[in-house]
Every structure is written in C-alpha cells, then in structure tokens.
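Peer 1: I have a structure I would like to understand better, so I am pasting it below and will then ask my questions one at a time.
The values are calculated or read from the model by the stated rules, or taken from the named source; none is laboratory data. Just so we're clear, the structure is a prediction, and the values are computed from it rather than from any experiment. When we count neighbours, we look across all protein chains shown, and the Cβ atoms used for this are built from the backbone with ideal geometry, even at glycine.
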Amino acid sequence: MKNNISDALRKNDELPDIRNTIEEMILKSHLSNKAALTVDECALYTGMAKSYIYKLTHEGIIPHAKPNGKKIFFDRLELDQWLLGNKIKGDISDSDFIKKRAESLNKKASINYR
C-alpha cells in the first residue's frame, strides 16, 4: 500500500511536467500557423533567449518590424528564411558519405566475424 501511495505521488509530481510539455507543443504548433510573431513567440519559435532576440533586433541583424515604433513583430516566413540563410555545405556529398559509412560497417562486420 505504501508503494502505491508513493507511486501515485510520483505520478502527480510528473503531471505538471507532462502538462507543460503538451502546452508547449500546442503553442509551437499554433506559432507555425501565425504570420506575425511577438518577441516572446519568436524566442519560443527559434529557441533563442528573449534577450538575444532583442540584441539581434537592436543591431539590425534579424528582420523585424515596429509598426508603431514600440512593439516588435517578426514575419514568420522572413524569420524562416533568415534562420536558414547561411547554409554551410558539407565537405562530402551524400553518396560519398554513404560509401564511406558502408565501408566502415563492412570493416567492423569482418572484424567481428573472425
């Protein structure tokens, strides 16, 4: 009986974490459908800290708008383009990577079967 009570208490302690996770997932899903994001929403959407978002806007690095000169908004599509704008290509192509990975796995397999 004591184990049942401690199990129930442990589950109750986990409920707020589960609830917060579900709420965050719903909010992120909602953000992907919005056209304009606030600073708080931008921070959640990008995973960056609010202070860093403010720094990027102050330095003019991140695309944003201030329609009334005070509140900051971000166009989600422009934000996506900005986030993906500085692509860095890998040193090897996908086919070369697959070949090298297959060779590595074959070497490991031959060592294990000796």
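Peer 1: Just to be sure I understand, how many residues within region 39-59 are under 17 Å from the mean Cα position of the chain (by Cα) and outside any helix (DSSP H, G or I)?
Peer 2: Result for region 39-59: 3.
Peer 1: Right, something else. Filter region 60-114 down to residues that are assigned to a loop (DSSP other than H, G, I, E, B) and modelled with pLDDT of 90 or more, then give me how many there are.
Peer 2: First pass over region 60-114, keeping only residues assigned to a loop (DSSP other than H, G, I, E, B): 60-64, 66-72, 84-93, 113-114.
When the remaining residues are screened for being modelled with pLDDT of 90 or more, the result is 60-64, 66-67, 71-72, 84.
Number of matching residues: 10.
Peer 1: Then there's this: So, in region 36-64, of the ones that are aliphatic (A, V, I, L, M) and free of Cβ contacts under 8 Å to residues at least 12 places away in the same chain, which residue ends up farthest from MET25 (Cα to Cα)?
Peer 2: As a first pass, look at region 36-64 and keep what is aliphatic (A, V, I, L, M): 36-37, 39, 43-44, 48-49, 53, 56, 61-62.
Filter once more, so that each one left must be free of Cβ contacts under 8 Å to residues at least 12 places away in the same chain: 43, 48-49, 56, 61.
On the way: ALA43: 14, MET48: 16, ALA49: 18, LEU56: 25, ILE61: 28 Å.
Here the answer is ILE61.
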